[in-house]
Amino acid sequence: MDFLKKRLEKILKKLGNYPLKQFWNKLGSFERKHKCKHIPSSELERAEKSARPAVEIAQLMVGHYGVKAEDIALDVLNEIGRKDLAVKFKDNKEESSVYSKRKKTDYSKHYKEEIKDNLAKIREYNSLPGETVDFNAQYTKLILVNKHQQVEEKKMELEAKGKTHTHLMEKHRDSSINIEHLFSAIENEPKEPKTVVIQGPSGIGKSFTVHKIMLDWALGKLFHDRFSYVFHLCCRELRIWENNSLEDLIMQCSDTLKPAMQEIQSDPKSVLFIFDGFDELKLFPEDGESKDGINVATSEVIKLLKKNILREASLLITTRPTALHVLEKIVKIERCVEVVGFLEEEIKDYFIKSFQNEKEAISAFNIIEENKVVLSMCFVPIFCWIVCSIMKTGGQNSEQIMKNMKTDSQVMLHFINHLLKHHCMSSPSEKTEFLLKVNKLAFFGIREEKRVFTEKDLSMFSINTDNNETTFFSKLFFKADARRHVLYHFLHLTVQELFAAIYCVSHSSSEEIEQLLNDSLDTQNQSLIHVVRFIFGLSSVKSQEMIEGGCQITSNNLRIHLHNWFPKAVMSFRDNPPFLLQLLYCLYEIQDTQFTAYAMTVLSRLNFGRYTLNKIDCTVIKYCIEHTDSLEQLDLCSCNLGEKEIKILRKVIFKSQDIRISATNITIDAVEDFCRIISAQKMYNYLQVYVQKTERMYNFLLQANKSDAETSISVCDVSASCLIHLFKKIIPKYKPAYIQVSGEFDREAVDTFTTFLKCEDYTPKHLSIKTKHSNEDSAEWICNHLSSHYKFKCAKWELSRNHENWIILKYETGIYKPRYCM
């Protein structure tokens, strides 16, 4: 602007006094044409009478017209007949424009190179000195939504866990907006916004999104035809600058931009200012005054936000939702989008990029996918990073990964400690006070079955929504009764449950703990059992070492409460599979072998029949069974177990005196391995093994107990070699009374089978063989062959011809009676 003012001064000085008056008298008629702010005649008259009229008028023109002062000057010069000066002024303008364009390209290009150098590589939170990773190789797309959620919709999300939670989150994909469209006209919003706000709670990825925008702009992938300059201003750092000038703000982004200041200010439409972390300015909503005494109310920051300077510049502002009410008093928000984090597809993508080995990543993700608590929290990028960091230490072995995952309590404490360290600027004493207030609110919410809170609720616990105490909260706006209302909620129900548990173990009286434990025995209070589960987890030595904020746990008293509660819980939950499983999770969380051994003496029957179990559930069941020698019954029938679940459980189920377990879609190798383990176990009075081939895989059923029932084996549609292999493992030990076999067996296979039975010197009471043959001679041969070896009390062969006509042959005291069925 200074350069433009000097050019105007030079031209106006050449007019002389009378033509100068003609010049300024004509300005008003061209102001309307160029839509510029009007210069009052009184100010122009005062400028003309001054000692330096050309200088004063040029100052007024630049101040009121900005860069349009050039066009108005040209029009007026032509109007008053001074085309000679107009041509000269125009030549100077074009020369200046070429110079400016050349300089803009040079400075902008140099600035972009700086950004690429600074942002292409990043340090992770746990990086060693000098250790960096490629940002774009690590970046995973975050979901930004261009809408406000309804209260009931948000409550459903907060209460859901696991797959239910991820399915509810998927609906956001329909209302998502891509980064490249933040400043574009979109459906239902035809006007291009110039002020965009990105809001979301701590750790959800707001600053990560800003990093992506800056780097992609520098690489020419984003906004390259819209913004010549993009400036990233970190609000946390801005607070220490009391008297920022516009030049100071820009120089914070790059100290090489000083020569480009005129060019930047002369074309504000091509400039984007990003204010990252507006909430960290800690402003009062009325006038932008800082709460901690730093006067930023009249600073260039506030002027930029209020559009008092560089009116045509664009703004992108990130903030926690709890500071939106302050922001909207200062800024005219034209578009507000929310970062909801990762959806399930993005979580998987994040794992793949984090591990850099797809096989390991998929293995780790499959484990997380089954963990209801962890999967529900992985939509928060910071939590996802923490989980990956923990799991990467496990290498390729999924069981080892699980060991490194530890318990849900420990994973959640990692997450909370991380947020406290990187997203809460409080001192240690302030953190202690903060945790107490938030823990009390969480406990109150669990007790009152509240998932969302009003500002009145928060004020009851002295929680100030305008500062860092909102680290673990998100803000929800909704309309009702023609008014806008505000509610708050924890990042996730799991966070609230953990905070409630922390309060319970560190600040509750013995009576309060006793009351909560007793109330949890009512299955109507579903959230309480999850709080109890975290109480078990927090009572472990490892968890106590991880708790920050000065929370002291009276371990001895707490253990006594838990010790007394467990038998009562067993009585209440033993016939309720979901709650029974939560009891096992409690034992897994505490990670105390002595306590688990005691608890399993009163939990002698584990009946999960027809209740779906996943890999994490099976790991927990395995852990508990490993610590008992008094398991009377284990029912895992129709629990949707597959090969991975069977692999986890196979070595512990035989500790039970009574077993029922089934699996679907497992390989024949898994079947054979399981039969090998059966043959190596203690002797059961009754054993039933059922194997059935489906299209490519096998279904499996095992029952074993100490009853006097006779052993049976049923094998359907398996190969002859597989059949013999299975029989070799089971028949010598159990000598089953009932054998049922079906499959495509030729004469050689039948001969091998009968020879094996003969070698074992035993004859089953009942033998049923179903095989496929093309003629009656083959069927008769099989009957003769079997009868020459044994005299069965009852034998039956079913033979099919071309899968259409069945021949049923019965053997009764040496007489074969064929019967044909169509």
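The values are calculated or read from the model by the stated rules, or taken from the named source; none is laboratory data. Nothing here was measured: the structure is a model prediction, and the numbers come from that model. Quick reminder, even Gly has a Cβ in these numbers, built from the backbone with ideal geometry, and neighbours come from all protein chains shown. SASA here: full protein model, heavy atoms, side chains in, ligands and nucleic acids out. Shrake-Rupley method; radii C 1.70, N 1.55, O 1.52, S 1.80 Å.
Looking at segment 482-542, the helices (runs of 4 or more DSSP H) lying wholly inside it that each contain 2 or more residues that are within 13 Å of residue 412 (Cα to Cα) sit at 493-507, 526-538.
Matching residues to (1) open to solvent by 70 Å² or more (accessible area, probe 1.4 Å); (2) part of a strand (DSSP E or B); (3) under 25 Å from residue 660 (Cβ atoms); (4) touching a residue at least 24 places away in the same chain (Cβ under 8 Å):
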residue	(1), (2), (3), (4)
731	no, no, yes, yes
739	no, yes, yes, yes
745	no, no, no, yes
751	no, no, no, yes
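For residue 768, indicate whether it is open to solvent by 60 Å² or more (accessible area, probe 1.4 Å) and either modelled with pLDDT of 75 or more or not in a loop (DSSP other than H, G, I, E, B) (or both). Criteria not met by residue 768. Screening residue 441 on (1) open to solvent by less than 20 Å² (accessible area, probe 1.4 Å); (2) at pLDDT below 90; (3) in a helix (DSSP H, G or I); (4) not β-branched (Val, Ile, Thr) shows it passes everything except condition (2). Inspect segment 424-435 for any residue being modelled with pLDDT under 85, buried (at least 17 other Cβ atoms within 10 Å of the Cβ) and of a type in the set (Val, Ile, Thr) and give the result as yes or no. Within segment 424-435, not a single residue is modelled with pLDDT under 85, buried (at least 17 other Cβ atoms within 10 Å of the Cβ) and of a type in the set (Val, Ile, Thr). In this structure, residue 152 does satisfy being assigned to a helix (DSSP H, G or I), modelled with pLDDT under 90 and over 18 Å from the mean Cα position of the chain (by Cα). Only one of the numbered conditions (1) more than 34 Å from the chain's Cα centre (by Cα); (2) open to solvent by less than 10 Å² (accessible area, probe 1.4 Å) is not met by residue 621, and that is (1). Among the residues of segment 678-690, those identified as modelled with pLDDT of 85 or more and open to solvent by less than 40 Å² (accessible area, probe 1.4 Å) are 684, 686, 687, 689. Can you work out which of the residues in segment 246-266 that are of a type in the set (D, E, K, R) and touching a helix residue (DSSP H, G or I) at 6+ places or on another chain (Cβ under 7 Å) is nearest to residue 224 (Cα to Cα)? Only one residue tops the list, namely 263.
For the subset of segment 51-73 comprising residues that are among the hydrophobic types (A, V, I, L, M, F, W, C) and more than 19 Å from residue 263 (Cα to Cα), which member is surrounded by the most Cβ atoms within 10 Å (Cβ to Cβ)? Please lay out each step first, then the result.
Step one: filter segment 51-73 for residues among the hydrophobic types (A, V, I, L, M, F, W, C), giving 51, 54-55, 57-58, 60-62, 67, 69, 72-73.
Those left that are additionally more than 19 Å from residue 263 (Cα to Cα): 51, 54-55, 57, 60, 72-73.
Numbers: 51: 6, 54: 22, 55: 16, 57: 24, 60: 18, 72: 21, 73: 26.
The extreme case among them is 73.
Of all residues being in contact with a Lys or Arg (Cβ under 6 Å, 6 or more places away or on another chain) and farther than 26 Å from residue 262 by Cβ in segment 303-325, which is surrounded by the fewest Cβ atoms within 10 Å (Cβ to Cβ)? Just the residue, please. In this case the residue turns out to be 318. Of everything in segment 182-227 that is modelled with pLDDT under 90 and assigned to a helix (DSSP H, G or I), the residue that is surrounded by the fewest Cβ atoms within 10 Å (Cβ to Cβ) is 207.
The set of residues in segment 625-664 being part of a helix (DSSP H, G or I) and closer than 19 Å to residue 676 by Cβ consists of 643, 644, 645, 646, 647, 648, 649, 653, 654, 655. In segment 243-250, is there at least one residue being at pLDDT below 85, in a loop (DSSP other than H, G, I, E, B) and open to solvent by 60 Å² or more (accessible area, probe 1.4 Å)? Taking every residue of segment 243-250 in turn, at least one turns out to be at pLDDT below 85, in a loop (DSSP other than H, G, I, E, B) and open to solvent by 60 Å² or more (accessible area, probe 1.4 Å). Note on segment 326-343: residues that are in a helix (DSSP H, G or I) and open to solvent by 30 Å² or more (accessible area, probe 1.4 Å) amount to 2. Every condition in (1) farther than 29 Å from residue 581 by Cα; (2) surrounded by 21 or more Cβ atoms within 10 Å (Cβ to Cβ); (3) under 46 Å from the mean Cα position of the chain (by Cα); (4) hydrophobic (A, V, I, L, M, F, W, C) is met by residue 713 except one, and the failing one is (3).
Just one of the listed residues (333, 264) is modelled with pLDDT under 90, farther than 30 Å from residue 138 by Cα and not aromatic (Phe, Trp, Tyr), and it is 264.
Counting only residues that are touching a strand residue (DSSP E or B) at 6+ places or on another chain (Cβ under 7 Å), open to solvent by less than 30 Å² (accessible area, probe 1.4 Å) and modelled with pLDDT of 75 or more, which one in segment 469-509 is nearest to residue 446 (Cα to Cα)? Filtering segment 469-509 for residues that are touching a strand residue (DSSP E or B) at 6+ places or on another chain (Cβ under 7 Å), open to solvent by less than 30 Å² (accessible area, probe 1.4 Å) and modelled with pLDDT of 75 or more, the one nearest to residue 446 (Cα to Cα) comes out as 496. Summed over segment 580-613, the residues that are touching a Leu at 6+ places or on another chain (Cβ under 9 Å) and either open to solvent by less than 40 Å² (accessible area, probe 1.4 Å) or aromatic (Phe, Trp, Tyr) (or both) give a count of 19.
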